[in-house]
Ligand code: ATP
């Protein structure tokens, strides 16, 4: 079907335990999204209900998508990933229809987390024809968000952007993406945690990850994942040469880190 091409839908197994660091972000999400669903009576006493929308922003590769999947994993919800670019590429009318169908499908499959990546793509166009198209789609999204708000539907919308300053201001009004959460690059202790998570279960020589964490300033979670994957390849090469499982060494990791670029620095420039 036409719509299905645009949305990947699954039931994520990832949970917050798989996300390294970001403790403040997790706490905020737990308070606003997860606990209201698990203990509705406590929140009802304060007039708060489950559901709502959240906007994650920050440099690429620091866990926005991963975190959104983990939210779904935490509440055993379905996860729908919307590629906004694909919807924007459609004809006027068709785009809005598609967005509407996605939200309808989410309601049928609740609890559900809808993840909208590259939210800034909507409304970022300078071309006049495109601008009109973008506006129609923003309006449709607002309509859908308002609908969810009214229904308290156990459908959670998580938007993500690398460039919040390009975001259409209408999306930021109360009741819409009003929970704005910065997903920062991992600090040193968090890099150590992420490296540990990515190495878990693999053959590794006993090593001190804090040193490597210190040497990977400005690396994103995705960069660190890549470092581990490069180091794995080095160890595997030795394994094939020797015919015996060879552990990943501190040297592999250091060499891998040296040949990778820290990508979060550019974002702040
Ligand atoms: P983009 O803005 O480019 O979409 P993003 O912020 O959504 O990036 P993710 O796609 O979530 O980044 O991260 C890429 C990969 O990096 C993830 O699949 C995950 O394996 C790893 N990663 C990033 N941050 C973390 C983290 N805090 N803990 C564990 N893994 C992480």
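Every read-out reported here was derived from the displayed coordinates using simple, explicitly stated rules and does not represent laboratory data. These figures come from a predicted structure and were not determined experimentally. All Cβ positions, even for glycine, are placed from backbone atoms using ideal geometry, and neighbour counts span all protein chains on display.
For residue 42, are the conditions met, namely being part of a helix (DSSP H, G or I), loosely packed, with under 15 Cβ neighbours inside 10 Å and touching a helix residue (DSSP H, G or I) at 6+ places or on another chain (Cβ under 9 Å)? So residue 42 passes the test. Residue 79: more than 21 Å from residue 167 (Cβ to Cβ) and within 13 Å of the ligand (Cβ to nearest atom), yes or no? Criteria met by residue 79.
Condition check ((1) within 16 Å of the ligand (Cβ to nearest atom); (2) without any contact (Cβ under 8 Å) to a residue 40 or more places away in the chain) across all residues:
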residue	(1), (2)
12	yes, no
27	yes, yes
32	no, no
37	no, no
42	no, yes
57	yes, no
64	yes, no
74	yes, no
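The residues of the stretch 187-221 that are near the ligand (Cβ under 10 Å from one of its atoms) and closer than 14 Å to residue 252 by Cβ, listed by number, are 195, 198.
Total residues in the stretch 10-34 satisfying the condition of being over 16 Å from residue 197 (Cβ atoms) and surrounded by fewer than 16 Cβ atoms within 10 Å (Cβ to Cβ): the figure is 7. Of all residues in the stretch 79-104, exactly one satisfies the criterion of being free of Cβ contacts under 8 Å to residues at least 24 places away in the same chain and buried (at least 17 other Cβ atoms within 10 Å of the Cβ), namely 90. Among helices (runs of 4 or more DSSP H) entirely within the stretch 199-269, having at least 2 residues that are loosely packed, with under 15 Cβ neighbours inside 10 Å, touching a residue at least 12 places away in the same chain (Cβ under 8 Å) and in contact with a helix residue (DSSP H, G or I) (Cβ under 9 Å, 6 or more places away or on another chain) singles out 209-214.
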